[in-house]
1. Condition first: farther than 27 Å from Lys123 by Cα, surrounded by 18 or more Cβ atoms within 10 Å (Cβ to Cβ), aliphatic (A, V, I, L, M) and more than 14 Å from the chain's Cα centre (by Cα). Can you find one or more residues in segment 27-41 that meet it?
2. Out of Glu131, Glu156, I need the residue that is at positive phi and free of Cβ contacts under 8 Å to residues at least 24 places away in the same chain. Which one?
3. Out of all the residues in segment 61-104, which are surrounded by 12 or more Cβ atoms within 10 Å (Cβ to Cβ) and of a type in the set (Lys, Arg)?
4. Can you name every one of the helices (runs of 4 or more DSSP H) wholly within segment 71-159 that holds 1 or more residues which are of a type in the set (S, T, N, Q)?
5. Taking the residues in segment 122-146 that are surrounded by 15 or more Cβ atoms within 10 Å (Cβ to Cβ) and within 12 Å of the chain's Cα centre (by Cα) as candidates, determine which candidate is farthest from Gln92 (Cα to Cα).
6. Take segment 107-134 and flag every residue that is acidic (Asp, Glu) and within 26 Å of Gly36 (Cβ to Cβ).
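Bear in mind that the values in this text are calculations on the coordinates, not laboratory data. Computed from a prediction, not measured in an experiment: that's the story for all the values here. Glycine also receives a Cβ, built like all others from the backbone with ideal geometry; neighbour counts cover every protein chain displayed.
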Amino acid sequence: MKMNSLGLPIKQTQILVAELNILLSNFQIYYQNLRGLHWNIRGKRFFDLHLKFEELYNDSQLKIDLIAERVLTLGGTPLHTFEDYVRNKRIQVGKSISNDEEAIQLVIISLAELLKIERVILKQSGEIDDEGTNSMMSDFIKEQEKTIWMMKAWMEEEM
């Protein structure tokens, strides 16, 4: 089996890079959704949600950079065009959402979809002992599960 300079099998690493690019694409859609929610939210919860969406999109921007850098570390090229993002999107695009509950529901649904992609990557990275990717996915998953729990609590929904 051919290994790269990180000691990871080349073929499986290329598959992992493709999955990371799918995650990158979906994070870009999620980020843009959050920007739209931040700009368009209306109502009595405006001040709280305006700040929360800003916090979430700033966090997403950091994660986007981490994912792209991991793709580069593994020898790949991060996707970087809107065409690529749309082609790989698995989360819904939120357009002109101004209602608080509809906005929070979009965040919950989007995070749940990101978790699915991250769990595939976590499994693949574990199989090839790629601790760098594995650790990153574990951190993302833990944070996003907590955010979903908080959003569901806000919505007064059960997990």
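1. yes
2. Just a single option satisfies the conditions, and that option is Glu156.
3. Those that are surrounded by 12 or more Cβ atoms within 10 Å (Cβ to Cβ) and of a type in the set (Lys, Arg): Lys63, Arg70, Lys89, Arg90.
4. Ranges flagged: 100-127, 131-155.
5. Filtering first and then ranking leaves Met136.
6. Glu113, Glu118
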